[in-house]
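Comments concern the structure below.
The values are calculated or read from the model by the stated rules, or taken from the named source; none is laboratory data. Just so we're clear, the structure is a prediction, and the values are computed from it rather than from any experiment. Note: ideal-geometry Cβ built from the backbone for every residue, glycine included; neighbour counts use all protein chains shown. In case anyone asks, the SASA skips ligands and DNA or RNA and just uses the protein heavy atoms, side chains included. Shrake-Rupley method; radii C 1.70, N 1.55, O 1.52, S 1.80 Å.
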Amino acid sequence: MFLILAINPGSTSTKISVFEDKKVLFTEILRHSVSELSQYKTVFEQLEFRKTAILEMLHRKNFSMEKLNAIVGRGGLLKPIKSGTYIVNERMVLDLKEAKRGEHASNLGGIIAYELAKNHSIPAFIVDPVVVDELDDVARITGMPEIQKSSIFHALNQKAIGRRLASDLKKKYEDANLIIAHLGGGISIGAHRHGYVIDVNDALNGEGPFSPERAGGLPSLELARLCYSGKYTFEEMKKKILGGGGLVAHLNTNDVKEVYRMIENGDENAELILDAMAYKTAKEIGAMAVALNGEVDAIGITGGIAYNENFVKRISIRVEFIAPVYVYPGEDEMQALAEGAYRVLSGEEEAKVYE
Ligand SMILES: Nc1ncnc2c1ncn2[C@@H]1O[C@H](COP(=O)(O)OP(=O)(O)O)[C@@H](O)[C@H]1O
Ligand SMILES: CCCC(=O)OP(=O)(O)O
């Protein structure tokens with residue numbers, strides 16, 4: 001029997017679960033408000049805050065880390081790599097700390113797992129990090145040769161929900177054509193063709209719909225004009241695109257539940273902005289149907305926002321002509337992390353090495 005701690009830092013939360021083999025013993029979700037996180041200039045600066053929150057939570061649960069066999073974290077912005085379980089090594093930790101490929105909360109998953117595991121002489125892993133890259137070559141090309149599209153998305157949950165949806169359709173994931181929409185702090189829409197995500201919007205760097213925290217795709221020249229307006233530094237522009245865009249920019253909150261409270265109180269602008277987010281998400285689902293040549297077995301909607309039936313309805317009425325819509329609120333990320341670590345601990349699979 002293996003005892004596994006899974007750590008999942010998202011842009012608006014830190015999720016922690018303890019598993020006995022593949023069976024979850026408990027899960028805790030620590031939610032972080034915009035004001036709580038805005039005191040940190042970089043994601044790396046949040047390290048001690050998030051690590052302490054995890055240790056305090058385990059202490060409250062009377063859970064002793066001595067019993068653990070491995071720690072697994074959600075992987076971050078590394079070089080583009082294949083899907084699978086990776087052992088966390090010094091090279092990976094360095095790349096995550098230097099944030100060469102960008103800043104995102106998931107960078108902390110590998111680092112926290114590594115630091116905690118080191119203290120207990122047990123292995124640390126990451127599974128299906130946000131940089132899993134299975135794009136078709138044609139999807140990489142943009143109209144500006146200096147800029148290549150990247151595959152940055154909720155790979156861990158997209159793959160887990162892809163498998164679950166295929167199984168609900170009584171198909172193998174490797175035989176199905178699926179569109180998965182993950183609605184979290186960022187929004188990613190992936191085209192899964194026979195087990196590979198052949199196209200997906202870069203959910204971090206400004207592609208696809210806007211989301212609770214991201215600006216999404218913008219008119220390029222208008223963006224360039226704003227960059228050169230003299231009003232903003234590069235760091236300020238980055239913030240407007242990454243953490244301070246979307247709902248945060250329009251409505252000053254990253255919390256969709258709060259937006260619904262605004263709507264209930266008669267805020268018509270909040271209603272328009274929320275509907276625009278649903279509309280743009282639906283349009284991106286349409287684009288992924290084209291990536292799959294219109295041969296779509298089903299559409300899966302998942303992520304924290306998928307708990308809200310009204311929001312899901314705003315999307316599904318616009319896309320159900322493409323294929324049937326299945327809803328999986330929340331995520332299967334914690335289970336997918338534990339299963340990835342378990343496959344390696346049990347000898348079923350060899351851990352990949354990040355180079
Ligand atoms: N029950 C709910 N109803 C509506 N929105 C929710 C619910 N639970 C979470 N959310 C929203 O989901 C978003 C976060 O999604 P989640 O997948 O947990 O995020 P992340 O992993 O990106 O931090 C937030 O906007 C949050 O307000
Ligand atoms: C980095 C891409 C995945 C993503 O957007 O995650 P969050 O929704 O947790 O920000």
Extreme residue, most open to solvent (accessible area, probe 1.4 Å), among residues of segment 174-194 that are more than 16 Å from ligand 1 (Cβ to nearest atom) and within 20 Å of the chain's Cα centre (by Cα): Arg193
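Yes or no: Gly243 at pLDDT below 95 and surrounded by 16 or more Cβ atoms within 10 Å (Cβ to Cβ)? Reasoning before the result, please.
Details: at pLDDT below 95: yes; surrounded by 16 or more Cβ atoms within 10 Å (Cβ to Cβ): yes.
Yes.
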Counting only residues that are out of contact with any Lys or Arg (no Cβ under 7 Å at 6 or more places or on another chain), acidic (Asp, Glu) and within 16 Å of ligand 1 (Cβ to nearest atom), how many does segment 195-235 have? 1
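Of the residues in segment 236-249, how many are assigned to a helix (DSSP H, G or I) and either more than 13 Å from ligand 1 (Cβ to nearest atom) or closer than 20 Å to Lys41 by Cβ (or both)?
9
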Flagged in segment 250-276 as open to solvent by less than 20 Å² (accessible area, probe 1.4 Å) and either within 10 Å of ligand 1 (Cβ to nearest atom) or not in a helix (DSSP H, G or I) (or both), in numbering order, are Thr253, Val256, Val259
Note on segment 289-304: residues open to solvent by 10 Å² or more (accessible area, probe 1.4 Å) and within 16 Å of ligand 2 (Cβ to nearest atom) are Gly304
Could you list, in sequence order, all residues of segment 56-80 that are over 16 Å from Leu204 (Cβ atoms) and either within 16 Å of ligand 1 (Cβ to nearest atom) or surrounded by 15 or more Cβ atoms within 10 Å (Cβ to Cβ) (or both)? Met57, Leu58, Phe63, Met65, Leu68, Asn69, Ala70, Ile71, Val72, Gly73
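Among the candidates Ser151, Ser106, single out the residue that is away from ligand 1 (no atom under 16 Å from the Cβ), buried (at least 23 other Cβ atoms within 10 Å of the Cβ) and within 23 Å of Ile241 (Cα to Cα). Show your work before the answer.
On the way: Ser106 fails: away from ligand 1 (no atom under 16 Å from the Cβ).
After ruling out the rest, the residue left standing is Ser151.
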So, Leu169, is that one away from ligand 1 (no atom under 16 Å from the Cβ), in contact with a strand residue (DSSP E or B) (Cβ under 8 Å, 6 or more places away or on another chain) and open to solvent by less than 70 Å² (accessible area, probe 1.4 Å) or not? yes
Report, ordered by the first and then the second residue, all pairs with beta carbons closer than 9 Å, sequence separation of six or more or different chains, a first member in segment 134-162 that is charged (D, E, K, R) and modelled with pLDDT of 95 or more, and a second member that is assigned to a loop (DSSP other than H, G, I, E, B) and surrounded by fewer than 16 Cβ atoms within 10 Å (Cβ to Cβ). Glu134/Lys82; Arg140/Gln148; Lys149/Ile141; Lys149/Thr142
Considering residues that are open to solvent by less than 40 Å² (accessible area, probe 1.4 Å) and assigned to a helix (DSSP H, G or I), the number found within segment 315-325 is 3
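If a residue has to be among the β-branched types (Val, Ile, Thr), within 16 Å of ligand 1 (Cβ to nearest atom) and open to solvent by 50 Å² or more (accessible area, probe 1.4 Å) to count, how many in segment 4-55 make the cut? Can you show your working first?
Here is the first cut: in segment 4-55, the ones among the β-branched types (Val, Ile, Thr) are 4, 7, 12, 14, 16, 18, 24, 27, 29, 34, 42-43, 52, 54.
When the remaining residues are screened for being within 16 Å of ligand 1 (Cβ to nearest atom), the result is 7, 12, 14, 16, 27, 29, 34, 43, 54.
Among the residues that remain, those that are also open to solvent by 50 Å² or more (accessible area, probe 1.4 Å) are: 27, 29, 34.
Matching residues across segment 4-55 total 3.
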Only one of (1) in contact with a Lys or Arg (Cβ under 7 Å, 6 or more places away or on another chain); (2) away from ligand 2 (no atom under 16 Å from the Cβ); (3) at pLDDT below 95 is not met by Met65, so which one is it? (1)
Considering (1) free of Cβ contacts under 8 Å to residues at least 12 places away in the same chain; (2) within 16 Å of ligand 2 (Cβ to nearest atom), say which one Ile263 fails and leave the rest. (2)
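Restricting to segment 182-202, give me the number of residues that are assigned to a loop (DSSP other than H, G, I, E, B), within 12 Å of ligand 2 (Cβ to nearest atom) and free of Cβ contacts under 8 Å to residues at least 60 places away in the same chain.
As a first pass, look at segment 182-202 and keep what is assigned to a loop (DSSP other than H, G, I, E, B): 184-186, 194-195, 201-202.
Of the ones still in play, those that are also within 12 Å of ligand 2 (Cβ to nearest atom) are 184-186, 201-202.
Now drop any that are not free of Cβ contacts under 8 Å to residues at least 60 places away in the same chain, which leaves 202.
Result for segment 182-202: 1.
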